[in-house]
1. Let me spell it out: the conditions are (1) of a type in the set (A, V, I, L, M, F, W, C); (2) surrounded by fewer than 16 Cβ atoms within 10 Å (Cβ to Cβ); (3) more than 28 Å from GLU534 (Cα to Cα), and PHE359 meets all of them except one. Which number is the exception?
2. Might you let me know whether segment 506-519 holds any residue that is under 21 Å from PHE455 (Cα atoms), of a type in the set (Gly, Ala, Ser) and assigned by TED's automatic domain parsing to the domain that holds ASP462?
3. Looking at segment 242-259 only, could you name the residues that are surrounded by fewer than 18 Cβ atoms within 10 Å (Cβ to Cβ) and assigned to a loop (DSSP other than H, G, I, E, B)?
4. Checking the conditions here, which among ALA239, ALA267, ALA222 is under 24 Å from HIS481 (Cβ atoms), surrounded by fewer than 16 Cβ atoms within 10 Å (Cβ to Cβ) and of a type in the set (Gly, Ala, Ser)?
5. Looking at SER138, SER101 in this structure, which one is surrounded by fewer than 16 Cβ atoms within 10 Å (Cβ to Cβ), in contact with a strand residue (DSSP E or B) (Cβ under 6 Å, 6 or more places away or on another chain), without any contact (Cβ under 8 Å) to a residue 40 or more places away in the chain and more than 17 Å from LEU24 (Cβ to Cβ)?
6. Scan segment 459-471 for residues that are over 30 Å from LEU110 (Cα atoms) and surrounded by fewer than 21 Cβ atoms within 10 Å (Cβ to Cβ) and jot them down.
Amino acid sequence: MIANYHTLHALIAEWQTSLIGCTLEDAWSQERDELSLAFTSRDSTRTVRIGVRLPLLFIVCGDGYARARRNVTTLFEQAIGKRLETLRIADRDRMIFLGLSGGMTFHISLFGPHANAFLVANDRILNAFRNDAALAGSAPPAPRPAPDPDTCAAFEAGWRPKGSSIIRTVCRAYPLFDRTLGIEAIVRAGLDPHGTDDVPPSDLQALFRAVETVRRALLVPAPRIYRGEKGLPMFSLIALEPARNIQEETFDTVSKAVREGVRRSLAHHRFRELFDPIEKALERAAKQYGRRVRRMKEELSRESRAGRYETWGHLLTAQTHNVPLGAEEISLENLFAEGKRITVPLDPALSAIENAQVFYDRARRTRVARETAEKRMAETEKAAQEVQDLLDALHATENLRALRTFRKEQADRLARFLPDPEQENKRIPFRRFRLAEGYEVWVGRNARQNDELTFRHAQKYDLWMHARGVSGVHAVLRLPHRNAAPGTAILRQAASIAAWFSKARGSNLVPVMVTERKYVRKAKGMPPGAVTVERETVVLVEPGLPKNAS
């Protein structure tokens, strides 16, 4: 809800008196996809920070000026020294405008995968924070006011049930609500937020009244932060009914609440980036050791054959005169069970004494093997307990500092269970190409590798590519997370690689299919490398390996 329209509207209202009239002292970036603008007045400096990377889009403002000394890029130098004259938000759209003296304006778009900040003059982009080379000189994106149904009839007209989630349909009917506000309206209407959008007219009217109640509450913000699932902070502009029993902290201004919410969310994301791979590796190790221990216990629970072999050896030694040469088995009196006989298998090429020695050797080897197995099981149980202890200690870490301390103190023990990045890279058999902005393209070398790449190594949200209408490789543009949005240049570079490794390499332009990996299927009986593709888009590219790929 941090980048929801209502939150942004409340922030802009609060910042009017403290920012208008200030001078832009500096503009820089010291974190990926984060822009900082320092505004100074006669007696103070305030810094506006803008984050344009999903999953967390934000704009915050705080006192002070904190530019790092190294690894910093100065931006928008044309605007430095200009005075902030206006500050507003577009009508029913998440676009913020900072009007500067001299006819320049910062346009800040805080929605979707292409969120960005532009310096604009004469209705043309002078510079763009992201993808500047492609956007400079073009017209800035124009605001698109969201529908605002202010009557029940208008709300019902925008309600188009598709048999999907009621939350999704509420947010579609009233786009100024995000998921959090949609759920709040549904709960206030007495409906089930987990239900479908197929509701009777009476419930639809109750839902509209609830939407109106939430809208009125948003006009008088009561900002707070809830402690969400797995410790994820959840900012809200108002008190939420579904979160009534969840721990919360209230704030006297929206600006303070948003700033703290962003700080905690960024810390939480950094925490999870370190925590999740360790947890995944340890849980995988715990399952592996658990399976090994169960198999070993099952094997050791079976009666040892050593006693049987030894008994056979004793009986053959004691009754050698009853064992004819060349026999494959013999029935002997069981001297250890009165009145019973026992059948002993024999090697016809050996004498009775030699057969007895064979059984004595087997008994000895079986006992040694069992002792070794028991020792190995004890070692495996110890390793399994060590993994569980590490997991328990990991789950006890509650913040980034504690997690880093845990990693440092347990580095030697963790090294046994965490993958070595260098070894992991060596084990990946595919061609790999590194592109700009940290993206990578993985390419199969043959039909078997194509299947392995697509169905074992690619994430469901990775972008899968293949030259259309000709044989070729499977290529996958690896995304850092499901909300990542590679720019057009990255997509075209990846598609060019897919085209290069196809039968159409010699063509000037090649159509390349692009889709999320989850839309690639393999039916039973299909040969290696053969797939079916749903929801594809096609891009025309020139085959080649980009110069900046390695």
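1. (2)
2. Here is the first cut: in segment 506-519, the ones under 21 Å from PHE455 (Cα atoms) are 512-519.
Next, only the ones that are of a type in the set (Gly, Ala, Ser) stay: none.
No: segment 506-519 contains no residue that is under 21 Å from PHE455 (Cα atoms), of a type in the set (Gly, Ala, Ser) and assigned by TED's automatic domain parsing to the domain that holds ASP462.
3. Result: PRO242, ARG244, ASN245, ILE246, GLN247, ASP252, THR253.
4. Working: ALA239 fails: under 24 Å from HIS481 (Cβ atoms); ALA222 fails: under 24 Å from HIS481 (Cβ atoms).
Exactly one residue qualifies, and that residue is ALA267.
5. Details: SER101 fails: more than 17 Å from LEU24 (Cβ to Cβ).
When all the criteria are applied, what remains is SER138.
6. If we filter segment 459-471 for residues that are over 30 Å from LEU110 (Cα atoms), which is where we start, we get 466-471.
ARG468, GLY469, VAL470, SER471 - these are the residues of segment 459-471 that are over 30 Å from LEU110 (Cα atoms) and surrounded by fewer than 21 Cβ atoms within 10 Å (Cβ to Cβ).
Rundown of residues vs (1) modelled with pLDDT of 90 or more; (2) out of contact with any helix residue (DSSP H, G or I) (no Cβ under 6 Å at 6 or more places or on another chain), yes/no style:
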{"site": "ARG456", "(1), (2)": "no, yes"}
{"site": "ARG482", "(1), (2)": "no, yes"}
{"site": "PRO486", "(1), (2)": "no, yes"}
{"site": "ILE497", "(1), (2)": "yes, yes"}
{"site": "VAL510", "(1), (2)": "yes, no"}
{"site": "GLY525", "(1), (2)": "no, yes"}
{"site": "ARG535", "(1), (2)": "no, no"}
{"site": "LEU540", "(1), (2)": "yes, yes"}
{"site": "PRO546", "(1), (2)": "no, no"}
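Table: residues versus (1) out of contact with any strand residue (DSSP E or B) (no Cβ under 8 Å at 6 or more places or on another chain); (2) within 26 Å of VAL52 (Cβ to Cβ); (3) touching a residue at least 24 places away in the same chain (Cβ under 8 Å); (4) exposed (fewer than 13 other Cβ atoms within 10 Å of the Cβ).
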site	(1), (2), (3), (4)
HIS457	no, no, yes, no
VAL473	no, no, yes, no
HIS481	yes, yes, yes, yes
ALA494	no, yes, yes, no
ALA523	no, no, no, yes
GLY529	yes, no, yes, no
GLU542	no, no, yes, no
PRO546	no, yes, yes, no
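The values are calculated or read from the model by the stated rules, or taken from the named source; none is laboratory data. Computed from a prediction, not measured in an experiment: that's the story for all the values here. Quick reminder, even Gly has a Cβ in these numbers, built from the backbone with ideal geometry, and neighbours come from all protein chains shown.
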